[in-house]
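Just below is one structure, and these are the notes that go with it.
The values are calculated or read from the model by the stated rules, or taken from the named source; none is laboratory data. None of these values were measured; they are calculated from a predicted model. Ideal geometry is used to build each Cβ from the backbone, glycine not excepted, and the neighbour counts take in all protein chains shown.
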Amino acid sequence: MGLRFIFMLTRNDRTVSDAVEQLRTALALGVRHIGFKDIGLPLDKLKALNAAIKAGSATSYLEVVSLDRDSEIASARAAVEIGIDILLGGTRVDDVLPIIAGTAIQYCPFPGTISGHPSVLEGSIDQIVASAKTLAARDGVHGLDLLAYRSHGNVPALIEAVCSAVSKPVYVAGSIDTPGRIAALKQAGAAGFTIGTAALDGKYPAKDTDVPSQLATIIRDVAMLNRHISPFHKENLNSAFGRFSDSWPPQLAAGVNNLQIKLAKFEGEAGWHFNGQEDEVFFVHKGRLLMKFRDRDEVIAEGEFIVVPHGVERCPTALEGVCEVVLLEIGTTNGDLPIRTRNRKAKS
């Protein structure tokens with residue numbers, strides 16, 4: 001799984017009043033992990049927001065920011081009533097686990113000591129790691145919500161230490177507002193991160209400060225870190241065929257998984273051949289191709305294609321000069337075998 005970007009519909013640890021409008025923007029851009037806080041909007045609106053997130057085929061997150069036991073218990077109960085997918089934050093695991101028991105909610109509490117509002121992570125790296133290991137060992141804890149950039153120490157070292165110490169996913173939250181910080185947590189082994197205020201207030205370095213530009217830039221940066229950016233650009237078949245003149249062998253144009261896309265120029269009769277192992281597709285780009293079989297002849301015109309099963313003898317013949325053909329075949333194939341080669345094998 002690649003690094004996960006969780007867009008928080010929050011500002012200063014509170015769900016924003018225009019969360020529904022911001023959600024529409026996020027879903028339209030393809031954001032599929034979206035969260036909010038348990039304060040800022042009344043419960044009925046949080047339930048509607050959660051329903052809209054799920055209706056958009058996204059995973060919903062609720063992050064607890066309660067500072068006292070009673071409030072955290074109330075937040076856990078609200079999470080169950082709202083029906084969220086993942087519960088982030090909070091520190092009172094013994095109180096929360098019984099409340100969410102029997103639900104499908106995945107629970108990722110805060111390791112370390114949390115204080116203040118907005119929340120701050122206190123303690124040394126060793127202390128936070130010890131807390132993380134204790135929490136991750138608990139049944140019912142699915143991962144951790146690490147407020148790394150709300151701590152005062154070496155943040156990359158903290159993230160790496162926590163990720164190395166536990167086998168469960170570590171999500172990094174709080175004050176992530178640059179590509180460098182995202183890259184650092186990816187390097188350290190984090191499973192994901194949250195961004196809210198930075199995107200909503202136009203603080204992330206993007207072309208523009210509006211939310212669509214902010215989110216699109218974050219999505220692009222994460223895709224690059226996850227190596228989900230395609231290196232390929234469109235190809236023009238006329239130009240591709242124009243780069244070579246030999247009529248044989250076919251020229252490899254591209255590969256898709258173990259499928260090879262080849263370009264071939266047929267001129268005259270190619271002779272009787274068969275492919276011993278794999279089927280092939282002949283797609284005529286220019287000209288006309290006569291495909292002779294032992295039982296019939298087929299003429300394939302421009303824009304048409306024909307499938308030739310493996311083991312079937314055929315004799316491709318260009319009609320009216322050069323015929324340009326796109327071939328699709330498995331990359332592991334041994335290629336076309338002339339009839340004489342097949343006969344030699346049959347005799348051996």
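Only one of the listed residues (Gly242, Gly189, Gly255) is at positive phi and modelled with pLDDT under 95. That residue is Gly189.
Looking at the stretch 135-149, which of the residues that are farther than 14 Å from Val166 by Cα and in a loop (DSSP other than H, G, I, E, B) is modelled with the highest pLDDT? It comes out as Gly140. Count of the stretch 30-43 residues, restricted to those that are exposed (fewer than 15 other Cβ atoms within 10 Å of the Cβ) and modelled with pLDDT of 95 or more, is 1. Scanning the stretch 202-261 for residues that are assigned to a loop (DSSP other than H, G, I, E, B) and either over 30 Å from Arg11 (Cβ atoms) or of a type in the set (A, V, I, L, M, F, W, C) (or both) yields a count of 20. Looking across Leu237, Leu215, Leu225, Leu200, one residue alone is more than 25 Å from Val155 (Cβ to Cβ) and surrounded by 14 or more Cβ atoms within 10 Å (Cβ to Cβ). It is Leu237. Within the stretch 77-134, the residues that satisfy the criterion of being of a type outside the set (A, V, I, L, M, F, W, C), part of a helix (DSSP H, G or I) and within 16 Å of Leu147 (Cβ to Cβ) are Gln127, Ser131.
Every listed requirement among (1) in a helix (DSSP H, G or I); (2) under 21 Å from Ile34 (Cβ atoms); (3) charged (D, E, K, R); (4) more than 20 Å from the chain's Cα centre (by Cα) is met by Lys186 save one, (4).
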